[in-house]
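K.L.:
Submitted below is the structure of interest, expressed as structure tokens.
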Amino acid sequence: MTDLNLKLIPIGQEHLPDSGDYSSDRTTSPVYRAVEHVVNALQVLYSSQNYSSLKGQTDEGKFRHKLNLCLKMISYDNFGTNEGNEDLSIQFTIKNHVFVNGNSENCMKCPDHEWPNENRTHCIPKEVEFLSFTDDTLSLVFIVLSLLCFGKTLLVLVIFILHQDTPIVKANNKSLSFVLLVSIMLGFLCVFLFLGRPVDVTCLLRQISFGILFTIAVSSVLAKTIMVYIAFKATKPNSVWRKWIGVKLPTCIVLACSSIQVIICISWLSISPPFQELDTHSYQEKIIIQCNEGSVIGFYSVLGYMGILAAVSFIIAFFVRTLPDSFNEAKYITFSMLVFCSVWIAMIPAYLSTKGKYTVAVEVFAILISNNGLLYCIFLTKCFIILCRPELNTKVYLHSQRNI
């Protein structure tokens, strides 16, 4: 096929001159050069895919008409200058289109949920992407990890229940420990809301359940930290702090902090709740089925409030970490909050820089790591003493050696 000197006017640029060769003025108008690139690309495209249909066809007008039709399928992404020189570059994308019947005069655009086949003769359904329960290895890994972590937490809870009358469990406020363990355990189970094909209900429940459960967990840690400080102050003779020792204060702290998060979540749902979304634009060859968070402010308010509670817990625990060791659960809380905050701070840029199922995977990974941080940092040492060193689980040792 000979190279044709075509006059093609791009859509939206009808004001260009309608005579003369574009190449003659290429140095004076960047848009002329852009059109030249488009013409060359279309000629290559047409000759490679439809040359057979042109054999024996000498009517240049039909060929020009075909290219003009295809030119309508072109979109200009941007014009710009390459770094380091004055050459202009153009990027263009051929939209989802096929040649009807292989050699017809018309180009047909595929629907958003379909994609041209390799020969561009007809449209085929696009692949869909989400964290499938059955067909995705990443989902299988998360399921196994979530169930293992749930089992570990349940085991720790059973150990604490069976030994709730021992000094080490009592010294660490068993009521708060039970609340914290249950919230961690449910936090591992909420991972399942992030897996499978998203629908409006799961989109709504996944963030709300995650936000409330984690707030209860962090509120329990905050209450534990405050009670460590009060317990130390109450050991002094005639201390006014003695009246604050008991279950009422930590219960009030957990309820108050959790209620604020519930109010934030209700406001989020009232204004703009999460919903299922089909992303047909991020990738040309597949559709991402995902959850749109609705109100971005609502989503980050939930995360931000959790971050504030975690930061307050960390600061208080850090300043009371040097208290006598018999009350010093604060050093474990300090490290657990350091792990918690580090994971979620690292999660935010990773969450924003990924797409599709990997965005969900980042959040699930953060849930698993931060929950494990709370479980191991606060309860591992206590379980070791209860099971392996019962001679240390006595009042005498607790007050004389002062190492719990």
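K.L.:
Counting only other residues whose beta carbon sits under 14 Å from that of residue 358, what net charge do I get with K and R as +1, D and E as -1?
P.N.:
Neighbour charge sum, excluding residue 358 itself: -1.
K.L.:
Continuing with the same structure: Any of 126/355; 233/395; 152/286 with alpha carbons more than 27 Å apart? Name them for me. Please list the in-between numbers first.
P.N.:
Numbers: 126/355 17 Å; 233/395 19 Å; 152/286 38 Å.
Violating the 27 Å Cα-Cα cut-off are 152/286.
K.L.:
Jot down the radius of gyration and Dmax of the stretch 243-390, Cα atoms only, both in angstrom.
P.N.:
Calculated on Cα positions, Rg and Dmax stand at 19.5, 66 Å.
K.L.:
Related question: Tell me which of 268, 254, 295 sits at the most positive position along the dipole axis of the stretch 214-299, charges placed on C-beta atoms (Lys, Arg +1; Asp, Glu -1).
P.N.:
Selected residue: 254.
K.L.:
Based on the Cα gyration tensor of the stretch 154-237, what are the three equivalent ellipsoid semi-axes, each the root of five times an eigenvalue, rounded to whole Å and given largest first?
P.N.:
So the equivalent ellipsoid measures 33, 16, 6 Å along its semi-axes.
K.L.:
Compute the signed sum of charges (Lys and Arg +1, Asp and Glu -1) over the other residues within less than 15 Å, Cβ to Cβ, of residue 137.
P.N.:
Here the count lands on -2.
K.L.:
Follow-up. Sorted by packing (mean other beta-carbon atoms within 10 Å per residue), highest first, where do 388-396, 280-288 land?
P.N.:
280-288, 388-396
K.L.:
Next question. Cα convex hull of the stretch 110-259: mean projected area in nm², to one decimal?
P.N.:
That works out to 12.8 nm², a quarter of the Cα hull's surface.
K.L.:
Over all alpha-carbon pairs in the stretch 186-321, figure out the percentage whose distance exceeds 26 Å.
P.N.:
On the way: 3601 of 9180 pairs.
For the stretch 186-321, the fraction of Cα-Cα distances above 26 Å is 39 percent.
K.L.:
Also, quick follow-up: Can you pull the three principal axis extents for the Cα set of the stretch 128-176, in Å, largest first?
P.N.:
Result, largest extent first: 55, 16, 10 Å.
K.L.:
Sort 181-190, 211-220 for me by packing, meaning the mean count of neighbouring Cβ atoms within 10 Å per residue, highest on top.
P.N.:
211-220, 181-190
K.L.:
Counting only heavy atoms of protein chains, what accessible area per residue, in Å², does the stretch 114-267 have with a probe of 1.4 Å?
P.N.:
48
K.L.:
For residue 191, what is the net charge nearby, where nearby means another residue's Cβ is under 13 Å from its Cβ and Lys, Arg count +1, Asp, Glu -1?
P.N.:
0
K.L.:
For the peptides 297-309, 341-353, what is the packing order when you average, over each peptide's residues, the other Cβ atoms within 10 Å and list the highest mean first?
P.N.:
297-309, 341-353
The values are calculated or read from the model by the stated rules, or taken from the named source; none is laboratory data. In this text, all values refer to a predicted model and were calculated from it rather than measured experimentally. Because the Cβ atoms are built from the backbone with ideal geometry, glycine has one as well, and the counts that use them run over all protein chains shown. Only protein heavy atoms, including side chains, enter the accessible area calculation; ligands, DNA and RNA are left aside. Shrake-Rupley method; radii C 1.70, N 1.55, O 1.52, S 1.80 Å.
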